[in-house]
Amino acid sequence: MTEKSKSPGKGRKAGRPEYQPKIEDRQTVEEMRYCGESETVIARALGIDPDTLRKHFVEELANGHANRRKEVIGLMFKSARDGNASNQKRLEEIGRAVGADESVKGRGKTKEPPVGKKEAKQKAAEQVGGKFAPPEPPRLVVNNK
């Protein structure tokens, strides 16, 4: 045998051909990522190794949840515009929750400066109550007015 007859072919590698992801596979990865599945479970569902999944589906793993959430919210808005009352209420709740979060963040609450150990102990001692509270001062019997 010559050297040429031993090689598998010009420009070809020996072994299994490289994995080529399909559009359906990309959608499956995004959908499963949106539902919170791990990379191992997603790889098993596609019948590939987790390293192959990470190599070929970088975009879908990184942004799959955001892309599908955008799609779900779009569908909810379309349904709400068509008169679906439950989606209208749900979108109202989501909007209210996000608006409340942003309004709380936007308020200009200033942080108190950090308190040292001595100041913290002094404040704690001033707020002591119950049976360890300092006694009330005596009341004067005579009022000089």
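Output the number of the condition that Ala66 fails; it satisfies all remaining conditions of (1) farther than 17 Å from Lys22 by Cα; (2) loosely packed, with under 11 Cβ neighbours inside 10 Å.
(2) is the only condition that Ala66 fails.
Which of the numbered conditions does Ser5 fail, given that it passes all the others? Conditions: (1) modelled with pLDDT under 90; (2) at positive phi.
(2) is the only condition that Ser5 fails.
Which residues, counting only those in segment 33-53, are within 24 Å of Glu71 (Cβ to Cβ) and surrounded by 14 or more Cβ atoms within 10 Å (Cβ to Cβ)? So that I can check it myself, show each step before the final result.
Within segment 33-53, the first condition is being within 24 Å of Glu71 (Cβ to Cβ), and the residues that meet it are 33-39, 41-43, 45-46, 53.
Within segment 33-53, Arg33, Tyr34, Glu37, Glu39, Ile42, Ala43, Ala45, Leu46, Leu53 meet the criteria.
The values are calculated or read from the model by the stated rules, or taken from the named source; none is laboratory data. Since this is a predicted model, take the numbers as computed values, not measurements. Heads up, the Cβs are rebuilt from the backbone with ideal geometry, glycines too, and the neighbour counts pull from every protein chain shown.
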